[in-house]
Amino acid sequence: MDIKTIFLTALLSIGFLLPGCDYGNNCGSGNPVPQFFDIEGFHLRNYKVAGEFNCCGRTELDSGTVISVDSFRLNMQFDVSYFGNREPLPSPFSFGIIGSALACDPVPPGFNGSQEQIESLVVITLTDWDSLHLAGDTINDLLYMYDFSQKKELDDFLENNVSFVKEEEIFLRLHGASDSHSNFSARVNLKLKNGEGYSAESEVVNIR
């Protein structure tokens, strides 16, 4: 038996002994992963992002930071708990080389999203933005949101949305800077279709 044959035989033997990743399983560990998250509130953060779709890193902003409108995102981070543990499912690739390749990418908790839907989401500016949007006014018409890397008008999304909440955070982006390059702070009121309601306020930043 030559060296090449010995090497291939050893590789196949090792491959078939390594555990694979079953759907809903934490990468072959045998520990089931909770597949849903439950929204229990949210908090707001101001971020500077790199890239149109928040693809290339984010930096949380301190209160009073000066930032360009193109780089600014208002982030809604849901406070969640997880439920619905899913037992490991049989998989044809539970063992072997293919299974070993899959084993390095475990699913995160809440991978199937929430079973809750948004009834309404209202963003209110706490500072004068422009002559049409003074402190206390709704600014939904000034905002985009990002839904699975697709930029949508916030009001259009809310009007047409019939799906469950799928991600644990929402990014909001302003259309443009204010006339006066003013400070910006907002309150967001969220109501879910199950009757739950939550509210949070953001720190002040200066958007130019």
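Any read-out appearing in this document is the output of simple, stated calculations on the displayed coordinates, not a laboratory observation. Predicted model, so just to flag it, every value in this text is computed and none were measured. Here Cβ is always computed from backbone atoms with ideal geometry, including for glycine, and neighbour counts include all displayed protein chains.
Of all chymotrypsin sites (Phe, Trp or Tyr not before Pro) in the range 103-185, which ones are in loop regions per DSSP and have a Cβ with at most 14 other Cβ atoms within 10 Å? Spell out each step's value before the answer.
On the way: sites: F111, W129, Y144, Y146, F148, F157, F164, F171, F184; in loops: F111, W129, F148, F164.
For chymotrypsin sites (Phe, Trp or Tyr not before Pro) across the range 103-185 that sit outside H, G, I, E and B with at most 14 neighbouring Cβ atoms in 10 Å, the list reads F148, F164.
If R0 is 25 Å, the Cβ-Cβ spacing of D155 and L134 corresponds to a FRET efficiency of close to 0.85.
Excluding S131 itself, what net charge comes from residues whose Cβ is under 11 Å from its Cβ, given Lys and Arg +1 and Asp and Glu -1?
-4
Shape of the range 102-208 from the C-alpha gyration tensor: prolate (a/c of 1.5 or more and a/b above b/c, with a ≥ b ≥ c the square roots of its eigenvalues).
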